[in-house]
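Below: one structure, written as structure tokens.
Here, each number is a calculation from the coordinates, and none is a lab measurement. Predicted model only: the values in this text are computed from it and were never measured. Heads up, the Cβs are rebuilt from the backbone with ideal geometry, glycines too, and the neighbour counts pull from every protein chain shown.
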Amino acid sequence: MVSLDPVLSEAERKKELASKLKLMSSDQEEHIAEVRAQEAGLPYISLVTFPIDSDVLELVSKTRARETDAVLFYHQGKDVRVGAVEPRSEKVQELMKDLIKKFGAAPVLYLISRRSLAACLARYRREAPQEAVLEGELSVNANEVTLAGEAVKNLEELGARITSLPPSQILQAVVVNATIMGASDIHIEPKEKNARLRFRVDGVLQDITNFARDGWSLLLSRIKVLSRLKLNVHETPQDGSFVLRLPLGTAGEENIYDIRVSILPGGWGETIVMRLLSRKMEAVSITDLGMKERDFQLVQAELKRANGMILVTGPTGSGKTTTLASFIKAVNTPELKIITLEDPIEYRLPGVQQTQIDHAAGYTFAKGLRSILRQDPDMILLGEMRDEETAETAVHAALTGHLVFSTLHTNNAAGAIPRLVNMGAKPYVLAPALNLIIAQRLVRKVCPKCAEEYKPDAAIKERIAEVMAGVRTDVFDPSRLKNKKLTILKAVGCKACVNGYKGRVGAFEIFAVDNNIKELMIEGANEFRVQEAALKQGMTTITQDGFIKVLDHVTSLEEIERIAEE
Ligand SMILES: [Zn+2]
């Protein structure tokens with residue numbers, strides 16, 4: 001316990017407290033906050049692992065929260081709760097007046113520790129729009145957007161245009177065209193004589209052009225300034241971000257992107273990678289995921305259940321978050337309380353209480369999940385299960401009246417079971433908890449405007465028949481391959497697409513954990529036997545589903561072979 005000298009001035013007391021706080025453990029810090037709250041006659045709360053809806057947090061901007069050392073952490077009708085480090089300060093009193101005007105009732109004021117404040121500040125979803133105007137922002141004029149949209153017909157033309165621009169105009173042209181092409185990342189790599197520019201579109205890196213090193217060094221400085229990074233540091237990696245504003249038409253509307261910047265030192269200079277995240281990212285409808293009828297019906301049935309666990313597996317970038325977001329969108333109704341735990345929040349889900357992981361502050365998957373369960377949710381979206389404690393709590397939640405959605409990093413669906421067992425889950429506890437397991441990859445769709453139809457030769461048909469062998473005939477009719485009119489599509493390329501592809505859908509491997517599979521799990525059956533039972537149920541492997549998508553003219557044979565090789 002720390003005693004404070006009563007004769008010290010308020011400022012000195014704060015200073016002394018601050019210096020003492022540095023020496024203390026976090027528990028002591030919370031204890032002091034508790035004592036200070038008692039002295040002030042206010043309630044105390046620790047917000048370090050309190051689940052806070054990011055939408056609620058943003059009712060007070062991050063800038064204002066920083067200025068006042070106060071956060072709005074709970075809001076339900078007129079029940080508004082604010083935590084402040086110095087609740088009696090003038091700035092907090094002003095904030096309270098503004099909040100009374102806004103909500104028509106006085107918020108309940110809590111005293112919180114600086115650690116709680118830091119934990120809340122870290123959980124603001126990316127940068128809040130209202131403060132983005134101040135710094136770290138790139139605004140593009142409407143002319144450039146129109147020009148870029150009209151001038152560029154294909155990748156070669158885009159490359160030629162960027163190479164022809166004066167260095168000062170390259171950044172604007174690069175980011176605008178990346179958004180028009182729907183790129184997720186921009187890569188700029190300096191080489192001996194020039195710099196290489198690539199865009200990642202639909203998961204695949206596309207070469208755009210090489211431009212002069214002058215352009216690269218100017219670009220590097222501008223991006224560093226925008227992202228508030230150190231200009232004179234060249235030997236260590238740096239991470240930052242800035243906001244991109246793109247005007248939409250003439251009505252003053254705009255598209256806002258958060259651009260995450262990563263700068264890495266390399267042999268010929270620093271490599272720049274920018275990830276583009278649209279603020280408008282909304283969950284897609286479950287009908288747009290690309291599921292065939294059998295898979296779609298199975299998922300629909302499982303989403304109607306009130307408890308259990310739905311797992312989506314696959315490597316990073318396989319679209320797991322997109323699939324789960326569409327599931328939440330499908331089940332979301334006002335009568336249900338849905339809470340998420342994400343790292344980071346990618347899609348905005350209206351009406352859903354979304355919370356963001358903050359490892360540094362201790363709001364981890366394990367701790368966050370336990371806090372969430374105290375909030376009495378009906379459904380929980382858990383970004384991922386990596387450790388024993390999280391898996392155990394999630395399985396327990398699934399068994400006690402919650403529908404739990406989560407992800408695992410396994411290559412196939414049946415592999416999810418041994419992974420969970422390796423993480424410490426007991427098969428006889430796990431078996432009743434699991435409802436549905438999905439493995440997936442993303443495949444690029446062929447562009448319908450330029451794709452060419454052709455008749456596959458005997459060798460191709462034989463290969464497809466070999467892969468499809470054993471698939472239940474009600475899921476895939478093998479006589480399709482004998483049809484003389486059978487055609488498949490070849491990717492070509494036009495101004496509406498990138499190398500003949502546009503957009504992506506999932507290739508899925510889905511099985512319900514039915515009684516047969518539950519029994520196998522309890523028996524301790526290996527992955528192979530679970531896979532066998534799932535195939536009997538009508539499951540197709542990811543490759544089989546991919547081949548069906550080739551025959552259905554969704555994608556090309558080359559694309560499925562590319563995915564299979566990965
Ligand atoms: Zn095309």
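Which of the cysteines in the chain are isolated, no other cysteine C-beta under 4.7 Å?
120
Working only with C-alpha atoms, what are the Rg and Dmax values of the chain, expressed in angstrom?
27.1, 97
At 7 Å along Cα-to-Cβ for each site, give me the label-to-label distance between residue 523 and residue 282 in nm.
Computed distance between label sites residue 523 and residue 282 equals 4.8 nm.
Order by neighbour count: 281, 468, fewest other Cβ atoms within 10 Å first, most last.
Details: 281 14, 468 21.
Listed from fewest to most nearby Cβ atoms, that is 281, 468.
Under 16 Å Cα-Cα from residue 518, which lysines qualify once same-chain neighbours fewer than 8 residues away are excluded?
Cross-link targets: 426, 536.
Amide H of residue 271 versus every other amide H placed in the peptide plane: which residues, excluding those fewer than 5 positions away on the same chain, fall under 5 Å?
Residues meeting the criterion, in which the H sits 1.01 Å from N, are 264, 266.
Return the percentage of antiparallel bridges among DSSP beta bridges fully within segment 10-124, rounded to the nearest 5 %.
Details: 6 of 11 bridges.
So the antiparallel bridges in segment 10-124 amount to around 55 percent.
For segment 10-124, what does the relative contact order come out to in percent, with C-alpha contacts under 8 Å and a separation of six or more? It would help to have the intermediate numbers written out before the result.
On the way: 154 pairs, mean separation 34.2, N = 115.
It comes to 30 percent, rounded to a whole number.
Take every DSSP beta bridge with both residues inside segment 286-565 and express the antiparallel ones as a percent of the total, to the nearest 5.
Details: 15 of 39 bridges.
Roughly 40 percent of the beta bridges in segment 286-565 run antiparallel, per DSSP.
Can you flag which of 224/320; 62/337; 102/304; 224/367; 230/495; 280/502 are past 29 Å Cα-Cα?
224/320; 102/304; 224/367; 230/495
Return the aspartates and glutamates within reach of residue 329: Cα separation strictly under 19 angstrom, same-chain partners fewer than 8 residues apart disregarded; answer none if there are no such residues.
53, 55, 282, 288, 295, 302, 342, 343, 346, 378, 384
What aspartates and glutamates sit close enough to residue 193 to cross-link, taking a C-alpha to C-alpha distance under 15 Å and skipping anything fewer than 8 places away on the same chain?
Once the sequence-local aspartates and glutamates are set aside, what remains near residue 193 is 214, 270.
How high is the relative contact order of the chain, in percent, with contacts defined as C-alpha pairs under 8 Å that are six or more residues apart?
Working: 1018 pairs, mean separation 63.3, N = 566.
Rounded, it is 11 percent for the chain.
Which percentage, to the nearest 5, of the DSSP beta bridges contained in the chain is antiparallel? It would help to have the intermediate numbers written out before the result.
Values: 59 of 92 bridges.
Roughly 65 percent of the DSSP beta bridges within the chain come out antiparallel.
Helix-only mean residue ellipticity at 222 nm, the chain, DSSP H runs n ≥ 4 weighted -39,500 (n - 2.57), per residue, nearest 500. What is it? Write down the numbers at each step before the final one.
On the way: 21 runs with 218 residues, N = 566.
Theoretical 222 nm ellipticity from helices: -11500 deg cm²/dmol.
Output ³J(HN,Hα) for segment 377-382: one whole-Hz value per residue in order, computed from phi by the Karplus curve 6.51 cos²θ - 1.76 cosθ + 1.60 with θ = phi - 60°, and x for Gly and Pro.
Whole-Hz 3J(HN,Hα) from phi for segment 377-382: x, 8, 9, 10, 10, 10.
Across 10 Å bins from the origin, how do the percents of Cα pairs in segment 10-124 run, short distances first?
Going from the shortest bin to the longest, the percentages are 14, 48, 31, 6, 0.
Segment 286-565: percent of C-alpha pairs farther apart than 30 Å? Before the final figure, lay out the partial values.
Numbers: 13194 of 39060 pairs.
Cα-Cα pairs of segment 286-565 separated by over 30 Å account for 34 percent.
Counting each pair of different Cα atoms once, what's the Kirkwood radius of segment 137-278 in Å, rounded to one decimal? Kindly include the intermediate steps, with their values, before the conclusion.
On the way: mean 1/r = 0.0657 Å⁻¹.
Final number for the Kirkwood radius of segment 137-278 is 15.2 Å.
Taking the dipole about the Cα centre of the chain, with the C-beta of Lys and Arg at +1 and of Asp and Glu at -1, give me whichever of 163, 321, 373 is farthest to the positive side.
Farthest towards the positive pole: 163.
Can you give the convex hull volume of the alpha carbon atoms of segment 493-566 per residue, in Å³?
Given the Cα convex hull of segment 493-566, per-residue volume reads 101 Å³.
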